[in-house]
Amino acid sequence: MLRQKRWDLRTVDLIRQNKEADKQMEATSAIEDLKNMDPVVNGKYSIWRRDFENPNSDSTLKLMRDQIIMAKAYANIAKSRNQIDLYSSLLRHVGDSLRVIGDANSDSELHPSSLDQAKAMGHALSFAKDRLYDCHIVARKLRAMLQSAEDNVDSLKKRSAFLIQLAAKTVPKPLHCLPLQLAADYYFHGYQSKKDLNIEKLEDPSLYHYAIFSDNVLATSVVVNSTVLHANEPEKHVFHIVTDKLNFAAMRMWFILNAPEKATVQVENIDDFKWLNSSYCSVLRQLESARVKEYYFKNHPSSLFVGSDNLKYRNPKYLSMLNHLRFYLPEVYPKLHKILFLDDDIVVQKDLTPLWDVDLNGMVNGAVETCKGSFHRFDKYLNFSNPKISENFDSNACGWAFGMNIFDLKEWRNRNITQIYHYWQDRNEDRTLWKLGTLPPGLITFYNLTYPLDRKWHVLGLGYDPALNQTEIVNAAVVHYNGNYKPWLDLAVAKYKSYWSKYVRFDNYYLKLCNLSE
């Protein structure tokens, strides 16, 4: 009885959705407006779609779905000709067929009465065909229905892209709770007066230094935990973590209580870098302009669902100096010769120390290239219709990945790389050379200055591509969850989540307090 009740409720919902679709189609594609429409479908509908790969599979379900489409077409024609009895009869049969189909995706899931309903619908369609059939009218009506369906699909795709962007940038409650609890205890227990240990290691160029710029405590802990766990000599590894003022207390508290064994961790507040001001930094200077304030900080409600870019490029991370601090590494660490930059959405699976021995052949940046065929080349990121770009760069040049980069800071200083970054950033104030982010200016800044690392060092795509080669993931030194499906979100690709979660200490007091679980 409960199953039947659920079935009926679902049917009512399906019929309601069906009626709404019909109303929309009638409103936008009335039969009188279609007399001059070309009934030929240009490449939108194909019999080679997956449903027809095996003509004998789930034939009853396919038949009933096709019957519903034809019944809706004839019903609209009947209504336009004022044949109300036939119109009502066809709609009744549509409702009965929807009730029988329910949520079925195969013949085996259909209601036992499906064949009887298919026969009844067949008789109703035969009767309707005898009274209404006109090849051109039916073709136009089906074309109108197809156009309406395509418009609905396009609208839903845009809404889906918008909602995915929104969900990806929304902080889950447990991750919001964690820094609050850590910060409260940091000040309550007086940890702000605690001095950093192993200060002498922080500027020792003979050690292995990492730069991590993040406001996410949990993600940063995974990067550090996974790196130390696979290090052959963890006592030689030094992690330089820079966060913002809001998360500084929480980040420092976490690594005071959960310091990795033998390795050294330094946590800094970006607001303490007084040299990083608008008179020196192009991005900060641009944020003071009226045009940028208009673009970012004024509401544009009418454009919210136009496409994902409206939300994507208004993401606060594109304005955060934590994101752009990577272009100032020599200024942040003036005593170091080499540093390994890591994003907070990566997981380390092997010892990374061999990277410091890679000969960059005079280049500044060591990175894994991302182009395969024509994919992820410079023309994907830069506006080559602008002569400033087309005259200075090759559109077919291979892109590379930010997220795990070995930088030669001595060569960086010799070539004055930060000044190159400032030069191009100043010329993109109106966003005509590239959209926002750090990869496009990175490609420009390190153009012909990037040494390609072996692809096994860095595998990307775990945050957007569910079809990656599993062997490549397992064999990679670093896996990168670039994309919207971060491993700490419910959006995460389930089969990739374990690579990240196994480095989270779920028995930690604060994680339990904030209900963070696997």
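The set of residues in region 329-380 that are in contact (Cβ under 8 Å) with a residue 40 or more places away in the chain, under 21 Å from the mean Cα position of the chain (by Cα) and part of a helix (DSSP H, G or I) contains only F378. State which residue is nearest to H123 (Cα to Cα) when the search covers only region 97-110 and only residues that are crowded, with 19+ Cβ neighbours inside 10 Å and of a type outside the set (V, I, T). Per the criteria, the residue is S97. For K262, indicate whether it is at pLDDT below 95 and of a type outside the set (S, T, N, Q). When the stated conditions are applied, K262 passes them.
I137 meets each of the listed conditions (1) of a type in the set (A, V, I, L, M); (2) under 34 Å from the mean Cα position of the chain (by Cα); (3) farther than 30 Å from W356 by Cβ apart from (2). In summary, helices (runs of 4 or more DSSP H) completely within region 167-274 and bearing 3 or more residues that are out of contact with any Pro (no Cβ under 7 Å at 6 or more places or on another chain) and open to solvent by 20 Å² or more (accessible area, probe 1.4 Å) occur at 173-188, 245-257. A search for C-beta distances below 6 Å between a residue of region 478-500 that is within 8 Å of G463 (Cα to Cα) and any residue that is aliphatic (A, V, I, L, M) and surrounded by fewer than 22 Cβ atoms within 10 Å (Cβ to Cβ), counting only pairs 6+ apart in sequence or on different chains, returns N484/I164; N484/A168; Y485/L491; Y485/A492; Y485/V493. Exactly one residue out of D394, D408 is closer than 20 Å to L449 by Cβ, open to solvent by 70 Å² or more (accessible area, probe 1.4 Å) and of a type in the set (D, E): that is D394. Of L355, L342, all but one fail to be of a type outside the set (G, A, S), under 23 Å from Y485 (Cβ atoms), open to solvent by less than 40 Å² (accessible area, probe 1.4 Å) and at pLDDT 95 or above; the exception is L342.
Here is a yes/no grid of residues against (1) crowded, with 22+ Cβ neighbours inside 10 Å; (2) in the same structural domain as S320 (by the TED database); (3) out of contact with any strand residue (DSSP E or B) (no Cβ under 7 Å at 6 or more places or on another chain); (4) among the small types (G, A, S):
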site: T418; (1), (2), (3), (4): no, yes, yes, no
site: D430; (1), (2), (3), (4): no, yes, yes, no
site: P440; (1), (2), (3), (4): no, yes, no, no
site: N448; (1), (2), (3), (4): no, yes, yes, no
site: L453; (1), (2), (3), (4): yes, yes, no, no
site: W457; (1), (2), (3), (4): no, yes, no, no
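Pairs are defined by a Cβ separation below 6 Å, a sequence spacing of at least 6 or placement on different chains, a first member in region 147-164 that is assigned to a helix (DSSP H, G or I), and a second member that is open to solvent by 80 Å² or more (accessible area, probe 1.4 Å); the pairs so defined are K158/F305; R159/F305; F162/F305. Within region 416-462, being without any contact (Cβ under 8 Å) to a residue 60 or more places away in the chain, of a type in the set (S, T, N, Q) and more than 16 Å from L329 (Cα to Cα) holds for N428, T432, N448.
You will find that of D103, D22, the residue that is farther than 16 Å from K141 by Cα and either in contact with a Lys or Arg (Cβ under 9 Å, 6 or more places away or on another chain) or modelled with pLDDT of 85 or more (or both) is D103 and no other.
Considering S88, S80, the condition of being surrounded by fewer than 21 Cβ atoms within 10 Å (Cβ to Cβ), free of Cβ contacts under 8 Å to residues at least 12 places away in the same chain and of a type in the set (G, A, S) is satisfied by S88 alone.
The values are calculated or read from the model by the stated rules, or taken from the named source; none is laboratory data. For clarity, every value in this text was computed on a predicted model and none was experimentally measured. Ideal geometry is used to build each Cβ from the backbone, glycine not excepted, and the neighbour counts take in all protein chains shown. Accessible surface areas use protein heavy atoms only, side chains included; no ligands, DNA or RNA. Shrake-Rupley method; radii C 1.70, N 1.55, O 1.52, S 1.80 Å.
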